[in-house]
1. Could you please give the count of residues in region 63-80 that are among the hydroxyl-bearing types (Ser, Thr, Tyr) and touching a residue at least 60 places away in the same chain (Cβ under 8 Å)?
2. Any residue in region 232-246 that is within 15 Å of the ligand (Cβ to nearest atom) and outside any helix (DSSP H, G or I)?
3. Anything in region 98-110 that is assigned to a strand (DSSP E or B), surrounded by fewer than 17 Cβ atoms within 10 Å (Cβ to Cβ) and touching a residue at least 40 places away in the same chain (Cβ under 8 Å)? List them, or say none.
4. Inspect region 286-293 for any residue being on the phi < 0 side of the Ramachandran plot, touching a helix residue (DSSP H, G or I) at 6+ places or on another chain (Cβ under 8 Å) and within 16 Å of the ligand (Cβ to nearest atom) and give the result as yes or no.
5. Which residues, counting only those in region 254-284, are surrounded by fewer than 21 Cβ atoms within 10 Å (Cβ to Cβ), within 22 Å of VAL74 (Cβ to Cβ), within 13 Å of the ligand (Cβ to nearest atom) and not hydrophobic (A, V, I, L, M, F, W, C)?
6. Taking the criterion of being in a strand (DSSP E or B) and surrounded by 19 or more Cβ atoms within 10 Å (Cβ to Cβ), would at least one residue in region 33-49 satisfy it?
7. Could you grab me the full set of residues in region 111-142 that are within 11 Å of the ligand (Cβ to nearest atom) and either assigned to a loop (DSSP other than H, G, I, E, B) or without any contact (Cβ under 8 Å) to a residue 24 or more places away in the chain (or both)?
8. Give region 152-199 a look and list any residue that's in contact with a helix residue (DSSP H, G or I) (Cβ under 9 Å, 6 or more places away or on another chain) and assigned to a strand (DSSP E or B), or say none.
Amino acid sequence: MTIQTAPHSERAAQDAADQSIEIRKFDAPLGAEVIGLDLSKPLSQADFTRIHRAHLDHHVLVFRDQRITPDEQVAFSRRFGPLQIHVLHQFGLAGHPEVLIVSNIMENGTPIGLGDAGHFWHSDLSYKDKPSLGSMLHAQELPATGGDTLFANQHLAWDTLPAHLKQAVEGRAAEHTYLAKYAELQKRSPWRPNLSAEQIAQVKPVTHPIVRTHPETKRRALFVSEHFTTRVIGLPEDESSALLAELFAHSTQPEFVYRHQWRERDMVFWDNRSVMHLAAGTPDDQRRKLYRTTIEGDAPF
Ligand code: SIN
């Protein structure tokens, strides 16, 4: 399910004043910090254009100390496209179904959010016909230690893929399914409810090209993940598993990775067409809560 762009945010953009923005690239294979932008203020068209360009260039943008409400996060996210509602709608923020609570916090023995989101490397909602263009995660409550998020640049993964693997995947597609690791996660975590028949119907397996072309930059990227990709179409099971294992190992090497160490009220906006991400994990005795919005993208090609 998606929610369409609100016309009132477009009107607000026409009236908004430009802010004084600086984009500072990280000393890493991807990522940049956006300095001087207050996301609680309406975003002018010129500022939107700069952020959009920086997102395409750096794949992960970090906005520090954003004192924004869920409404403001939703409004900013909608500037980039319609929003998606996660299949685990029980972890949607009350009154904001398009905001997924990512949290390990339990209240009265019940999880308030999805505590093990990102346990395996993945690109958000790759199991949908139209996977996410990008995701935004806004820190609400952070642990004193741990809780980092890692991002791996999948353009670099493709560019550096050995020739024999490029040849093996060129023109091939792979299956992605939300259920790939669900039972395994459910066994060891309190955050995975049983899915209803309706929820299962929402996440039927899909196939996508193993190498996708970014629809805006035209750069190619590997598009398979440990979390959601189950098999290479048209290969016997043993060959498919062996090929996927090589791709997973290659695509998440340290030289492709930026590790985000969260600070209070950080907002991080990444491009799911260019990167995969992984939650490094939070110690059991520490609380972590973030709000996530996901923007619908195109069918990969
Ligand atoms: C996610 O996979 O969207 C969550 C990442 C995180 O919790 O660090």
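1. Step one: filter region 63-80 for residues among the hydroxyl-bearing types (Ser, Thr, Tyr), giving 69, 77.
Applying the additional criterion that residues be touching a residue at least 60 places away in the same chain (Cβ under 8 Å) yields 77.
Here the count works out to 1.
2. Looking only at region 232-246, we keep the residues that are within 15 Å of the ligand (Cβ to nearest atom), and these are none.
No: zero hits.
3. Just the residues of region 98-110 that are assigned to a strand (DSSP E or B), to begin with: 98-103, 106-107, 110.
Adding the requirement that they be surrounded by fewer than 17 Cβ atoms within 10 Å (Cβ to Cβ) leaves 106-107, 110.
Scanning region 98-110 gives a single hit, MET106.
4. In the first step, residues of region 286-293 are kept if they are on the phi < 0 side of the Ramachandran plot; the result is 286-293.
Among the residues that remain, those that are also touching a helix residue (DSSP H, G or I) at 6+ places or on another chain (Cβ under 8 Å) are: 291, 293.
With within 16 Å of the ligand (Cβ to nearest atom) added as a condition, the list becomes 291, 293.
Yes: region 286-293 contains one or more residues that are on the phi < 0 side of the Ramachandran plot, touching a helix residue (DSSP H, G or I) at 6+ places or on another chain (Cβ under 8 Å) and within 16 Å of the ligand (Cβ to nearest atom).
5. Within region 254-284, just ASP266 meets the criteria.
6. There is at least one residue in region 33-49 that is in a strand (DSSP E or B) and surrounded by 19 or more Cβ atoms within 10 Å (Cβ to Cβ).
7. Within region 111-142, GLY113, GLY115, ASP116, ALA117, GLY118, HIS119, PHE120, TRP121, SER123, ASP124, LEU125, LEU142 meet the criteria.
8. ALA152, ASN153, ALA174
Readers should treat all values here as calculations from the given coordinates under stated rules, not as data from a laboratory. Since the structure is predicted, the reported quantities are computational estimates derived from the model, not experimental observations. Cβ coordinates were reconstructed from backbone atoms using ideal geometry, including for glycine residues, and neighbour counts include every protein chain displayed.
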